[in-house]
Every structure is written in structure tokens, then in C-alpha cells.
Amino acid sequence: MSGPAPWRRSAREVAAAVRDGSLSPGDAADAGFAGPGARFEGEVHALLASDASARKAAAARVPRDGALAGVPVLLKDNLCTVDHPTTCGSRILEGWRSPYDATVVRRLREAGAVVVGKGNMDEFAMGSSTEWSAFGPTRNPYDPSRVPGGSSGGPAAAVAYGLVPVALGSDTGGSVRQPAAFCGVYGLKPTYGRLSRYGLVAFGSSLDQVGVFARHVGDVAEVYRAVAGPDPFDASMLEGPAPDVSGWGQGVRGLRFGWPANLWREGVDGAIVSSLERAATWLERAGAMRVPFEFLPGAFGVAAYYLLATAEASSNLARFDGVRYGLRVPSDELATLYTRTRGAGFGPEVRRRILLGTYALSAGYHDAFYLKAQRARTRIAQEYAAAFARCDLILMPVTPSLPFRLGEKTDDPLAMYLSDVFTIGANLAGIPGLSVPMGLEPGGLPVSVQLVGPIDAEPLLLRAARALEAEGDERRIAPGHEREFAWPGNR
């Protein structure tokens, strides 16, 4: 077999090779485990579950004519699968197996993809660093002393170091885009209601959305095409077909991108500001037009988000009681069984958010907190709508900082929550956002920018991302960097 090693190939290249018979689905599925997985997984800890026999069985069932034929995919461990446990990174679901596949998982399989395992995550998707997994943290592939972001840190890290070319995560307040930025890969949070949530274990039902990780823009588009669209099992889906993203390479001439520079005048790392300037220059060079304007500061969104998300989490996680499934700590008294099971099964961050949400929904506080946050959410959506009356998409940071060190923010919940200051707005408004890698800063850490658009703007976001990808195709691993990751262009 000529050409680059299978683990270095894009998902589209893998699928083409499987379709023409030059690569078997089994070899494609195993390539990442035999190559970078063998070298880096022990240190990075991106995986929670991987079964070689399940991988082989899945590869044997691959339809060779599928758009994703033979493409290995890693799933965040809050997506239900029949062939791997679904733990949500929590002791309360340790070893639990779902009797069905999530809709997006079923659609991946129908397109020919091979599910190779489940990725590590913050427990029940509550976190921004993947340090709150009950099974140990994931580390950043570029610097193991730093976090990969969260809560989908496992899938992001696995795509970054070459275990798989694409992965699925979930994004409630930035949990796809932020780890994508910290790990230097693409991360799409689609329009709310375009990817089914059936089989996604709920955190905040009005905010959760399945998202896509990849090392190449075209792969993001291919996976989105395979899994998006109406689902009768999810009542929150938008009507009609999902937008057509097949024109992701059509260019950006005449596109207007918003430039809300007030957002990064202070408190944003200089390397990120430089990457924004570089991205704006590249988009202008490709024919797009910059539209400067002032935009609503994200601090208001943080307050609204953490009231709404914790309130919904309090309701959603009430089902984990030790009675129906998962962990049970026996007791003769039902109330004691509940408290002992939840005390043993839930970690500290999940307990914190359940308590915050229960308080916000309690009698006497519901109007003051929850309803006020809902009104703020409406105002934030209106601010985005007003911005999109002036431009087609917005260029902004994904995060205020580069990847921070393990343990740096675990004792300061507010500092951790502020990591999401630039991402939560898209979830509150139900609009799509895309994290775009812009190379490595001088210290060797990934740096990224974010593109945000109105409802169903995925085609525009991908076109703009491709314009940036085309300008940056020559970027490589930083000089002297000893690791050999599958960075875009480093194939």
C-alpha cells in the first residue's frame, strides 16, 4: 500500500481507499492503535473503552460503498452504544451497557464508519478540562502537563495525536469547541436541532448538541452530512433537511465577517489575539470583508448559562437513583438508598452543579434566578440576531487562554467556568460555532479561532474554515517538538 500511513490519512482518503479495495476496514480501524495509540495513549489517556474484538466485528460489517466506509471513529462516552459501555465518565454508570445505539451512532455505522471505542470526558459532561472524569484525567497531547480542554477532552486528544481521523463529542457550553482549540483540531457545534440527541445522555437538554471533531475541514463536512437530519425519536429536531455542506470548498468571496474587537481588548492571551488578526487577514485575502462592531460581553452569558445548565442538570440527573440501572448502594430505606448511591456515584463537580441547580429551582428562588436567566438568554439570542443583520458570520476567540496546567483551576470553579466565556453564547442562542486551528504558538501549544453564524450557517462556517485551512496548509509541528502528531498538513 503506497502513500501515507493509514492513521495519517483524512477520513475521506481512508474511505476512498476502502471503497477501491486498497485498504481493508480492519486495517483502517487498527492503524491508529498500532501506531500513535501504542506510543501515546498510555500518557494521554484519551480512551475509556476499546475492545479489539468489537472493533474487528464492526469492521467486518462495513458497507464498502458508504461515504465513511472503513473510517475509524471515537465517540464521547455519553453517546449510547451497544458494543461498548456507556459510563459518562462516572462511577454511577461504571460498566453499564446500552440496549441501543444513539441515532448519530447508527447513522455513522450506516455510512460505513467503524466505532473503535469511547473517549474520556468530564463526568456527565460537566467540566472544561477532562479532569473531572471518575477514571482519571486526559492530558494534552502537545504538553502532558496541561489539560486537553473539556468536557470532550478524550475525543479531541485522540484526533489530535492520530488515533482516529474523526470523533463525535457533545457541546453544552463549549465542550466540543474548547477542547478542539486546546488540542489543535476542528470542532463543530452544529445548530441546535440538526443532530439528533436521541441516545445522548442528557446534561442540559435545551443546550446539548452532538458535535464533530476532525483534522480537516472536509472531514467535518462529511461526518455532518452522514449524521445530520430529522429524527422522529427527538422532538427537539428542526423541521426539514439539514443544510447542504457539500460546497465547503467554494470560497468566501463577498462574505462579511464580524470583527467584535471589544471582546479581546483585555483578558485574552496575546497569541490568541495574534491568531485572530492573522485569520482576519487570511479571510480578507480570500475575498471576504471585515465588519467591525461592538458586541455584548460574554460575562452576562456566563451567569445565565450556569443557572440554566445547572437547573436542567438537576432535573436530568434525578434519574440516577440506584433503582433502575447503574450503581446501587443497598439500604432498607428508599431515601437512604438514593443518598448513598448518589453520594458514592457522583463526583464533586456533578454534586456541586446538582446542588446549584436545585437551589435555583427551589421555591422562592425560581423567579429570581431561573426565570431571570431565561430572559437573559432571550436577550443574548437577540444580540446575536442583531449582529447577523450586519454580517454573515462572526470571527472571535474560542477561549481566553491557551491550554492551562492540570490542577490549575480545579480549586477555583469560577475560573474554570470562565473558560467558556466565548463559547456559551452559541449554545444559549442555538446557533452553530466552529473552532478552527491556526497552528502552534512559539511555545508549541495549539492556538485557534472561532467562527459563529446564524441558524443553519454550517455551510458558511465550513467555507470560511476551508479558506483559513488553505492559507495554513504549510504549518508544521513547532521546531524541536519531539512528538509526531497528525497535525493538519503534517502527513
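The values are calculated or read from the model by the stated rules, or taken from the named source; none is laboratory data. Just so it is clear, the model here is predicted, and its values are computed rather than measured. A quick note on method: Cβ atoms are made from the backbone with ideal geometry, for glycine too, and the neighbour counts reach across all protein chains shown.
Here are the numbers:
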item	result
Residue identified as of a type in the set (Gly, Ala, Ser) and at pLDDT below 95 among Ala465, Ala478	Ala478
Candidates Val245, Val223 - the one that is surrounded by 24 or more Cβ atoms within 10 Å (Cβ to Cβ), β-branched (Val, Ile, Thr) and either modelled with pLDDT of 95 or more or over 17 Å from the mean Cα position of the chain (by Cα) (or both)	Val223
Odd one out for Gly211 among (1) more than 17 Å from Ser152 (Cα to Cα); (2) buried (at least 23 other Cβ atoms within 10 Å of the Cβ); (3) touching a Gly at 6+ places or on another chain (Cβ under 8 Å)	(1)
In the stretch 85-105, the residues that are without any contact (Cβ under 8 Å) to a residue 60 or more places away in the chain and surrounded by fewer than 23 Cβ atoms within 10 Å (Cβ to Cβ)	Pro85, Gly95, Arg97, Pro99
Residue in the stretch 399-420 that is within 12 Å of Leu308 (Cα to Cα), buried (at least 22 other Cβ atoms within 10 Å of the Cβ) and out of contact with any strand residue (DSSP E or B) (no Cβ under 6 Å at 6 or more places or on another chain) present	no
Filtered residues of the stretch 257-276 (kept if charged (D, E, K, R) and surrounded by 15 or more Cβ atoms within 10 Å (Cβ to Cβ))	Asp269
The stretch 408-438, residues that are part of a loop (DSSP other than H, G, I, E, B) and in contact with a helix residue (DSSP H, G or I) (Cβ under 9 Å, 6 or more places away or on another chain)	Glu408, Lys409, Thr410, Val421, Phe422, Thr423, Gly430, Ile431, Pro432
Count of the stretch 20-53 residues which are crowded, with 17+ Cβ neighbours inside 10 Å and either in contact (Cβ under 8 Å) with a residue 40 or more places away in the chain or not assigned by TED's automatic domain parsing to the domain that holds Cys183 (or both)	20
Test result for Pro6, more than 22 Å from the chain's Cα centre (by Cα), surrounded by 20 or more Cβ atoms within 10 Å (Cβ to Cβ) and at pLDDT below 95	yes
Qualifying position, being surrounded by fewer than 24 Cβ atoms within 10 Å (Cβ to Cβ), farther than 16 Å from Thr191 by Cβ and assigned by TED's automatic domain parsing to the domain that holds Tyr224, among Pro442, Pro437, Pro454, Pro459	Pro442
Subset of the stretch 376-407 [of a type outside the set (Gly, Ala, Ser) and assigned to a helix (DSSP H, G or I)]	Arg377, Thr378, Arg379, Ile380, Gln382, Glu383, Tyr384, Phe388
Scan of the stretch 285-314 for residues that are of a type in the set (D, E, K, R) and crowded, with 18+ Cβ neighbours inside 10 Å, ordered by number	Glu312
Residue list for the stretch 102-126, restricted to those being of a type in the set (Lys, Arg) and either farther than 30 Å from Pro413 by Cβ or assigned to a helix (DSSP H, G or I) (or both)	Arg106, Arg107, Arg109
Matching residues in the stretch 240-266 - criterion: being over 21 Å from Pro292 (Cα atoms) and not in a loop (DSSP other than H, G, I, E, B)	none
Filter pass, Gly298 being within 25 Å of Pro437 (Cβ to Cβ), touching a Cys at 6+ places or on another chain (Cβ under 6 Å) and of a type outside the set (Phe, Trp, Tyr)	no
Near pairs, Cβ below 6 angstrom, 6+ apart or cross-chain, from the stretch 286-309 (β-branched (Val, Ile, Thr)) to any residue that is surrounded by 20 or more Cβ atoms within 10 Å (Cβ to Cβ) and not in a helix (DSSP H, G or I)	Val291/Gly258; Val291/Cys391; Val302/Val421
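Residues are listed down the side, and each one gets a yes or a no for (1) under 23 Å from Ala464 (Cβ atoms); (2) without any contact (Cβ under 8 Å) to a residue 12 or more places away in the chain; (3) surrounded by fewer than 24 Cβ atoms within 10 Å (Cβ to Cβ); (4) not assigned by TED's automatic domain parsing to the domain that holds Val71:
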{"residue": "Ser175", "(1), (2), (3), (4)": "yes, no, no, no"}
{"residue": "Gly184", "(1), (2), (3), (4)": "yes, no, no, no"}
{"residue": "Gly187", "(1), (2), (3), (4)": "yes, no, no, no"}
{"residue": "Leu200", "(1), (2), (3), (4)": "no, no, no, no"}
{"residue": "Pro232", "(1), (2), (3), (4)": "no, yes, yes, no"}
{"residue": "Glu239", "(1), (2), (3), (4)": "no, yes, yes, no"}
{"residue": "Gly251", "(1), (2), (3), (4)": "yes, no, yes, no"}
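Results for (1) under 26 Å from Phe233 (Cβ atoms); (2) acidic (Asp, Glu); (3) over 20 Å from the mean Cα position of the chain (by Cα), shown as yes or no for each residue.
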site	(1), (2), (3)
Ala16	no, no, yes
Asp20	no, yes, yes
Leu47	no, no, no
Lys56	no, no, yes
Ala67	yes, no, yes
Gly70	no, no, yes
